[in-house]
1. Given the options Leu122, Leu115, Leu145, name the one that is touching a Ser or Thr at 6+ places or on another chain (Cβ under 9 Å), under 25 Å from Leu10 (Cβ atoms) and surrounded by 13 or more Cβ atoms within 10 Å (Cβ to Cβ).
2. Of these, Ile54, Ile22, Ile41, which one is under 16 Å from Glu113 (Cα atoms) and part of a helix (DSSP H, G or I)?
3. Kindly indicate which of Leu136, Leu92, Leu101, Leu121 is closer than 18 Å to Ala16 by Cα and not hydroxyl-bearing (Ser, Thr, Tyr).
4. Condition first: surrounded by fewer than 15 Cβ atoms within 10 Å (Cβ to Cβ), part of a helix (DSSP H, G or I) and polar (S, T, N, Q). Now tell me which residues in the range 57-72 satisfy that.
5. Which of the residues that make up the range 73-88 are surrounded by fewer than 20 Cβ atoms within 10 Å (Cβ to Cβ) and under 13 Å from Ile119 (Cβ atoms)?
6. Could you please find all residues in the range 73-86 being part of a helix (DSSP H, G or I) and not aromatic (Phe, Trp, Tyr)?
7. Among the residues of the range 71-112, what is the count of those that are farther than 17 Å from Gly200 by Cβ, among the small types (Gly, Ala, Ser) and out of contact with any Ser or Thr (no Cβ under 7 Å at 6 or more places or on another chain)?
8. Please go through (1) in a helix (DSSP H, G or I); (2) closer than 27 Å to Gly135 by Cβ for Ile96 and return the number of the only condition it doesn't satisfy.
Amino acid sequence: MASKGRNIFLSILFIAGWFALIAQFYLIIENRTASIAETIIRYFGFFTILTNIIVAVCCTFLLFRPASQAGKFFSKANTQTAIAVYIFVVGLVYNIILRFLWKPEGLQMIVDELLHSVIPLLFIIQWYLYAPKQGLKWKDIFPWLIYPLLYLIYTLFRGSLSAFYPYPFINVNELGYSRVLINCIGLLIVFLFLSLLFIGIAKLMGKKR
């Protein structure tokens, strides 16, 4: 029964994830203000897009190729918990900071809700109900920080060359490097705190079981 419920969640995430990613790609190309090549680079420059791709790939392998090397990797407690932290941050930052900065309509609104609210919520529920949680260690948080750290470094470096920053809180043109670096440190602290929180929840659940 648990396996059936898990597969239902994974199937919904698989369909919603790839639909939203493909639709967002179509929308950003359709409404581009730069060359197609630059627009594609910008598309993959959003933490939201990269993290939703990770979620979609994870669900794809867990559904269709669980016995493959990638399937086994995505089945690990360490991997699923790290992804849960990443996608939680996507939903948290958007709904607290970014949601009020614009009002998307039509397909863009649907895609926005999928990428920033529906998929994060469903993946967190899937993690809570079905993801393995044995063997998680507090020290696991340090490798988990590599992805957001590299993302911030890349974004600031590329922004210095292109003058394009995907999010207002890391926009050096508007805020300056001092303020942006403070924001980056704050973001990494959020990742650190949430990683500790998720591991703590997993350990508590393990004790109860």
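No lab work stands behind these numbers, since they all come straight from the coordinates. Quick caveat: nothing in here was measured; it's all calculated off a predicted structure. Reconstructed Cβ throughout: ideal geometry from the backbone, glycine too, with neighbour counts over all protein chains shown.
1. Criteria check complete, one pass: Leu115.
2. Ile22
3. The unique qualifying residue is Leu121.
4. Passing the criteria: only Gln69.
5. Scanning the range 73-88 gives no hits.
6. Hits for the range 73-86 are Ser75, Ala77, Asn78, Thr79, Gln80, Thr81, Ala82, Ile83, Ala84, Val85.
7. 3
8. (2)
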